[in-house]
């Protein structure tokens, strides 16, 4: 696996290193040693997948509030996504910054998303699947979000909005938390 630091503190873009032959290829998508050597989370208690039917649909921007923060390792398994991360950690040097990444089934890129980052994506193709390794069990009372069109961030989405859940559409305007957490 090839690890590339991004402009957001603690976020890594990971490329696979396929061993190829005439049959195809084999590549690791997770290696405890390689993540651990960089001080990254290696314990993932949930493995999940999402399927989104329509191109232009937005899922997110989601995060878990303390003490249920979660680290995610994700990749696009089918189709393509415009993946967006917002650093909402008040003590982070990249607080309030966001970045977007194109993840596709073809490029097989992964994102390592540390705790305290709001995550969401827009599907670029119909029937897109995204796979997640998640470090913490889902805690419904801690689930929270940032609206996809919140003016505090001004995120441009590449396609017109096709679908979004009522819950994701209704997040309140962002207010930075007091020092000490999200």
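Readers should treat all values here as calculations from the given coordinates under stated rules, not as data from a laboratory. Quick caveat, the model's predicted, so the values are computed rather than measured. A quick note on method: Cβ atoms are made from the backbone with ideal geometry, for glycine too, and the neighbour counts reach across all protein chains shown.
Side notes on the structure shown:
- Pick from the stretch 4-46, criterion in a strand (DSSP E or B), closer than 21 Å to residue 82 by Cα and in contact (Cβ under 8 Å) with a residue 40 or more places away in the chain, ranking: farthest from the chain's Cα centre (by Cα): 15
- Listed by position, the strands (runs of 3 or more DSSP E) enclosed by the stretch 67-115 include none that has at least 2 residues that are in contact with a helix residue (DSSP H, G or I) (Cβ under 8 Å, 6 or more places away or on another chain).
- Qualifying residues in the stretch 69-101 (those that are farther than 23 Å from residue 173 by Cβ and out of contact with any strand residue (DSSP E or B) (no Cβ under 6 Å at 6 or more places or on another chain)) - the one surrounded by the most Cβ atoms within 10 Å (Cβ to Cβ): 71
- Within the stretch 118-149, the set of residues being part of a loop (DSSP other than H, G, I, E, B) and touching a strand residue (DSSP E or B) at 6+ places or on another chain (Cβ under 8 Å) comprises 124, 125, 127, 135, 136, 137, 138, 139, 146, 147, 148.
- Qualifying residue in the stretch 172-182 (condition: touching a strand residue (DSSP E or B) at 6+ places or on another chain (Cβ under 8 Å), buried (at least 16 other Cβ atoms within 10 Å of the Cβ) and not in a loop (DSSP other than H, G, I, E, B)): no
- Going through (1) farther than 14 Å from residue 62 by Cβ; (2) surrounded by fewer than 19 Cβ atoms within 10 Å (Cβ to Cβ) one by one, residue 123 falls short only on (2).
- Residue 63 vs. criteria part of a loop (DSSP other than H, G, I, E, B), surrounded by 15 or more Cβ atoms within 10 Å (Cβ to Cβ) and either free of Cβ contacts under 8 Å to residues at least 40 places away in the same chain or in contact with a strand residue (DSSP E or B) (Cβ under 8 Å, 6 or more places away or on another chain) (or both): no
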